[in-house]
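Report on the structure given below.
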Amino acid sequence: MKHDASLPVQAFRFCLRQGGLAITDVDAVAYFEEPRRKLSRQLWTLGFGGPVRSLDWLDPHGPERAIRERLGFAGRVLTFPHHLSHAASAFFASGFDDAAVLTADAVGEWATTSYGLANRNATGDALDAVQSLQEVLFPHSLGLFYSTVTSYLGFRVNSDEYKVMGLAAYGRPRYVDEVCQLLGMGDGGQFRLNLRHFDFLRGERMFSDEWVKLFGQPPRDPGDSIKAFHEDVARSAQLLLEEVLLEKAAWLHNQTDAENLCYAGGVALNSAANGRLRRESPFRRVFVQPAAGDAGACLGAAALAHRRLARTSPRTRQRHAFLGPSITPDEAESVLDACGVEGSRHDDEESLLEDVAERLASGQVVGWVRGRMEHGPRALGARSLLAAPFDATLRDRINAEIKGRESFRPFAPAVPLDRATEFFDVHPDTLLAPFMLETCLVTSQVPLDAVTHVDGTARVQLVDPIADPTSRRFAALLEAFGHRTGVPVLLNTSLNGPGEPIVATAADALRAFHRLGFDALALGNVVVDRSDLPDTWVDLAQSLDPLASRPAASGIDHRLYTLV
Amino acid sequence: MSPVNDSRIPDPRRDASDELAERIADDGLSVLEAADLLRETGWLGPAEESADERAQPSQGICIWRPETRDGEPIFVRPEPLPLGDHYATRRAIPARRPADTIRVAFFGESVATGYLYAPRLTCADVLSQYLEGADATFDVVDLARTNEQLGTLVQTVEASLQLNPDALVVFIGNNWNLLETPEVSPYRSDAESRRLVGRALQDGGLRAVEEMAQTRLRDRARSALARLADLAEQRPVVLVVPEVSLDWQSRQPPPWLPGDDTARWHELYRDAITALDEHRFEDAERAARDMKRLADGLGAIGGTASRLLGLALRGQLREPDAARALRDAIDQESYATMGLLGSPRATTNAQNLLRDAASRLRFELVDLPRIFDEHDSSEPFFLDYCHLTREGLRVAMQAVAASMTRALGLPVPVEHPAELCSAETEATALLGAAVHTAHRMTALGDKSKIVERWIRAAVDASPGVVQGLLDLVEHRTNPSPDLPTEVQARNLASPYRLGFQHGWRWPHLDADLLRAIRRVLSNLPEATSHLATFDRLVHRRALGPGLGQSVDLTQPPYLWEPIDQIFPEAMEDRPSRAFLRCPWPETSFAVITGAGSSIHLEVVARLPTIEGAIGPRTGELTIELDGRQVGRVTLGESWTQQELRFEINASGLHRLTLRWPPLPPVGDAAFDSAVRRLERGLEADLHPVFGELYSVSAQLS
């Protein structure tokens, strides 16, 4: 789990409970990484003399011991390579019979990028179903390249890379020559970082003095304003990333002659690059697993374990990401009752949708919380913050007052699949847009300023209640909003504050409502207006909310990327 | 196509790192052993001393930040949280001392904050009231805070000099346990600390660990107090030696004892409890002395036996002997965090360190053990393990006022304040004592009568507190205790305002508290109405029918003794496990039902593998409801899922108890195995775990 290195004990218990299983029903636990190979890379890195802050990583048996002693599991523990787990997470969720597979992130064990070929019907072991063709090894890494740019531009490494992507749209590619010096293209699938510009192996920061010389500007301090230079560097780096990915995809297609591409790893969350891959790569179809980062690699490891033990492969395409804990309407009401929060109870769905749509149409920002939570980094209509898509001032309000984000960051639109082409230049058959994983041009005749990025694109979410019945209610809300405004498009962002996880429970949602200052919360069948919160409740919430008293994140430094 | 790694750097170091990683993995080296290997082979430099992590000096004083108002420097704290926090509520403290005023800076731990009375009554308030009778005007600045430790105390004292105090009061010593020497704990998360403990155990057993902790504590305490004397310069310093409750119980299981002695210890424990219950005090004494003999030579891990002995001697009216045994128990229980969570209380060692410091550093000494002993009063001094009652606060602060004025050359005030606090405040504090007893006391035997006594005292102090009782029940039984509830809001507006200290956020039902409240309500004039309300609230947590309504009794609301877990697992901020480990031969849960219920229980459990045991363990788990056996299931070392059904005739709160099979007679091997793991820097338990529960799902069938 990103930013949480502890063993996911509660997630383990939740998964069993959700599946109606006891620990006695579990045949194997799959782990998404090979600890001894990772240790080899970590030991190799030690030789560069970088600071050693902890030695806890010197324990290749740690993950298995934690599974045995903390989860209490005594059966088989299967480990799979990090990038193979990523690859399997995309392939087995794609529904394809066969596909080329591309993975790219910062680093796993040694690999940072992998190319493979997967065949659902292959006989034999898991490793026969997803074969690795070639790898790029550490320290040469697209993820680390992008993270170093992130650090240089004053953002947090392994966290804020998406900000660089957002910033890139404002810039011009003035520094392409410079960024091309950072990363050299090799034969076939290879590429190499020019290591004299990087310091993550040795020092306290990601980039070297040579890097600073190359760009002729000091690194941006987190508190400094963003200038055209920063936008241009971001744009140039984004462009290089996209070009490298397109070239490697072309090479992979040439090697495999596959029609389909499955793609995963942290870099696969770069929706601008994904859009170009889908549109410009030689593959007919591109699938990205919605939890493409490390949080979703467990799915691949589990699929590989299933394949190894059962000799069969998962067959169906993942059509939604609503895999997390549920909130039933009864639970929501029970929590609201205990808190003395009245709100408007809606006995029928139409009435609820009308209430929320009316609020959204009048310019309110509404928390929309119902059903099972999304797995992965995107809120897709179960733990969402929604608003009308028209007015840029609403975007600015959400950025500044509710989510505490930089003003340059865009928001994504959600639209029913059957209306999408009225507003966006998106291919209706895309497998990425249901998960908000690609950007496309906004073509709407009605200005959609709140969800249109400065370069005229948007990271659109297509909502298809026929293919995915779990999104039926969200689709109905889009339609209800469309009836009022003529545009069935909503700004959809995750319901969380800066640096916080997305809300999971009804209690989380209520706390977020108090803390973040949006206008209304639709929780289950109840719509709560801000004025419904008792005054005393507001005081108390601050006392009880562990996030409310947390100091704001400050002082982002240029520390070493987390390599261990 | 075969995998190709053509970006591989031609680097012999890569082969070496591969080889080394294989060796570390194949040889099963621990983190520490691997680090040693890396140092031997030149991959790592020598171990560095850990950096001094003390906080940077700040311009503020504790949480009071510097500001300027009307050109005057002033220190301001954030708005107090509605449910309270760890600090005094005074918002602003001017740096300039008021004219013709003697300023006293008051430091200390939770006792010094007036815990369970605060913020409406604090030690500093009581001291101020006494000093009003002196021939001078005093300004007592309360800088005490809950969880104060020596390091932060010194920082606060140093920072407080910005307030130009004329005298200091320091009331510390109850937190001088593993809070001050956390590295001497087998449950630290870092491998180095585990190795430290493991090596001490290997060299000298538990006694060596205890001595190491005491030596470190002594050095840190002496150093901190000497620094405090330097900072005080010529100012008088009143040092208060805390006294603690001899009556508070903190039941602790023994670590693995040699051979079959662990099982024998538990048999004797059961015998002693039964004998005490039946007033056979000589038999109880015999069993307690046998228990002490079993733990002989193992250092101070014998608090429970000493406490049993004290209770047995008290039953025989041998009060001086009983007091000595109970004092021994407190001293021995101070290292309780070797196993289960203990209660912070000043040990004899801590008290003597303070007395010695007062003598060497010329502090004024307020020796509460002596003062309380000599004080003729029928009222109790303690609400719980160490926190003071109104009477305790009064006597302690009267002594501090006398000492302070003497040190300043002023006449000792002779007037007593009329009323220290309102009846409502008193009742709320007494209710807090009930809550603490129910939640934090691991009693030897039934504690519900003690809880009930505190609740009755609260009602006697102010009958209106009954609404506070019902508020507490309503909040504890609501589905999200971590959210502000309507009842909390209502309570905060009442004179019986409960705070964090009263367990507002604890997610546990605390069954003994609920039972005691019900019994007290049943004897009140409006019993029928109160009981109807109580039953309605509690039944919100009743079992429902069907799978969707099942509750897992291993989860926090239903644990009968919430802190009866191996130490780290009772803490919110420590790594958790997916299952419950049971450190006593029996484990109990609260079950709430309607009348005439048929219960379906599904237990997923196992017996942990124990080093040295011959063959896989098997045994029978006996299940009892309110003392009546309702089932038995056979367990082994693998998780097994067992189901049973039984009837419950009465409605309300029931106690479901699981009795585990006995331990195998392999104490030496089990203990040695734990020590070896600690020496390697791995997690280990020095205490036996009787059984493990993945889940106990209960529903109406």
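The values are calculated or read from the model by the stated rules, or taken from the named source; none is laboratory data. Bear in mind the structure is a predicted one, so any value in this text is a computation, not a measurement. Quick reminder, even Gly has a Cβ in these numbers, built from the backbone with ideal geometry, and neighbours come from all protein chains shown. Keep in mind that these areas ignore ligands, DNA and RNA; they rest on the heavy atoms of the full protein, side chains included. Shrake-Rupley method; radii C 1.70, N 1.55, O 1.52, S 1.80 Å.
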With the requirement that a residue be within 28 Å of B:GLU364 (Cβ to Cβ), at pLDDT below 95 and away from chain A (no Cβ under 14 Å), what does region B:61-87 give you?
B:ILE61, B:CYS62, B:TRP64
Quick check on my filter: what residues within region B:164-178 are surrounded by 17 or more Cβ atoms within 10 Å (Cβ to Cβ) and either touching a Pro at 6+ places or on another chain (Cβ under 8 Å) or part of a loop (DSSP other than H, G, I, E, B) (or both)?
B:PRO165, B:ASP166, B:ALA167, B:LEU168, B:PHE171, B:ILE172, B:GLY173, B:ASN174, B:ASN175, B:TRP176, B:ASN177, B:LEU178
Restricting attention to region A:308-319, does a residue exist that is free of Cβ contacts under 8 Å to residues at least 24 places away in the same chain, out of contact with any helix residue (DSSP H, G or I) (no Cβ under 8 Å at 6 or more places or on another chain) and away from chain B (no Cβ under 14 Å)?
yes
For A:PRO63, the lone unmet condition from (1) in contact (Cβ under 8 Å) with a residue 24 or more places away in the chain; (2) touching an Asp or Glu at 6+ places or on another chain (Cβ under 9 Å); (3) at the interface with chain B (Cβ under 8 Å from one of its Cβ atoms); (4) surrounded by fewer than 21 Cβ atoms within 10 Å (Cβ to Cβ) is (3)
Quick check on my filter: what residues within region B:498-528 are among the charged types (D, E, K, R) and in contact with a Ser or Thr (Cβ under 7 Å, 6 or more places away or on another chain)?
B:ASP512, B:ARG515
Being open to solvent by less than 40 Å² (accessible area, probe 1.4 Å) and among the hydrophobic types (A, V, I, L, M, F, W, C) is true for just one of A:LEU21, A:LEU43, A:LEU7. Which residue is that?
A:LEU43
The one condition A:SER94 fails out of (1) of a type in the set (Gly, Ala, Ser); (2) facing another protein chain (nearest Cβ under 9 Å); (3) in contact (Cβ under 8 Å) with a residue 60 or more places away in the chain; (4) closer than 18 Å to A:CYS262 by Cβ is (2)
Within region A:48-66, can one find any residue that is of a type in the set (Gly, Ala, Ser) and farther than 23 Å from B:ASP26 by Cα?
yes
Evaluate the following for B:PRO608: is it open to solvent by less than 20 Å² (accessible area, probe 1.4 Å) and modelled with pLDDT of 95 or more?
yes
Test B:GLY259 against the criterion of being on the phi > 0 side of the Ramachandran plot and in contact (Cβ under 8 Å) with a residue 60 or more places away in the chain, and give yes or no.
yes
For A:THR312, which of the numbered conditions (1) modelled with pLDDT under 95; (2) in a helix (DSSP H, G or I) fails to hold?
(2)
Going residue by residue through region B:369-385, is there one that turns out to be open to solvent by less than 20 Å² (accessible area, probe 1.4 Å), under 25 Å from B:ARG218 (Cα atoms) and part of a loop (DSSP other than H, G, I, E, B)?
yes
Please name all residue pairs, on different chains or six or more residues apart, with Cβ atoms under 9 Å, provided the first residue is in region B:528-543 and is without any contact (Cβ under 8 Å) to a residue 40 or more places away in the chain and the second residue is open to solvent by 30 Å² or more (accessible area, probe 1.4 Å).
B:LEU531/B:ARG518; B:LEU531/B:SER522
Answer yes or no: is there a residue in region B:420-434 that is buried (at least 21 other Cβ atoms within 10 Å of the Cβ), in contact with an Asp or Glu (Cβ under 7 Å, 6 or more places away or on another chain) and modelled with pLDDT of 95 or more.
yes
Residue satisfying all of: in region A:158-181; open to solvent by 30 Å² or more (accessible area, probe 1.4 Å) and either assigned to a loop (DSSP other than H, G, I, E, B) or free of Cβ contacts under 8 Å to residues at least 40 places away in the same chain (or both); nearest to the other protein chains (Cβ to nearest Cβ) among these:
A:GLN181
Can you pull out the residues in region A:334-386 that are away from chain B (no Cβ under 14 Å), assigned to a loop (DSSP other than H, G, I, E, B) and among the β-branched types (Val, Ile, Thr)?
A:VAL365
Positions within region A:128-146 being more than 9 Å from every other protein chain (Cβ to nearest Cβ), touching a residue at least 12 places away in the same chain (Cβ under 8 Å) and within 17 Å of A:THR256 (Cα to Cα), in sequence order
A:ALA129, A:VAL130
Which of the following residues is under 30 Å from A:LEU323 (Cβ atoms), part of a helix (DSSP H, G or I) and touching a residue at least 12 places away in the same chain (Cβ under 8 Å): A:VAL286, A:VAL267, A:VAL244, A:VAL233?
A:VAL267
Criterion: within 20 Å of A:GLU243 (Cα to Cα), within 14 Å of chain B (Cβ to nearest Cβ), over 27 Å from the mean Cα position of the chain (by Cα) and not in a helix (DSSP H, G or I) - qualifying residue of A:GLY189, A:GLY184:
A:GLY184
Restricting attention to region B:2-18, does a residue exist that is assigned to a strand (DSSP E or B), facing chain A (nearest Cβ under 9 Å) and modelled with pLDDT under 80?
yes
Can you say whether A:LEU102 is away from chain B (no Cβ under 14 Å), out of contact with any Ser or Thr (no Cβ under 6 Å at 6 or more places or on another chain) and either at pLDDT below 95 or in a strand (DSSP E or B) (or both), as far as the supplied structure shows?
yes
Which one of B:ARG360, B:ARG327 is within 19 Å of the chain's Cα centre (by Cα), at pLDDT 95 or above and open to solvent by 30 Å² or more (accessible area, probe 1.4 Å)?
B:ARG327
Residue under question is A:VAL26, and the condition is that it be within 10 Å of chain B (Cβ to nearest Cβ), surrounded by fewer than 21 Cβ atoms within 10 Å (Cβ to Cβ) and either among the aromatic types (Phe, Trp, Tyr) or in contact with a Gly (Cβ under 9 Å, 6 or more places away or on another chain) (or both); does it hold?
yes
Go through region B:299-323 and report how many residues are of a type outside the set (Gly, Ala, Ser) and either open to solvent by 30 Å² or more (accessible area, probe 1.4 Å) or on the phi > 0 side of the Ramachandran plot (or both).
9
Please work out which one of (1) modelled with pLDDT of 95 or more; (2) surrounded by fewer than 18 Cβ atoms within 10 Å (Cβ to Cβ); (3) farther than 30 Å from B:ARG540 by Cα is the condition B:ILE614 fails and give its number.
(1)
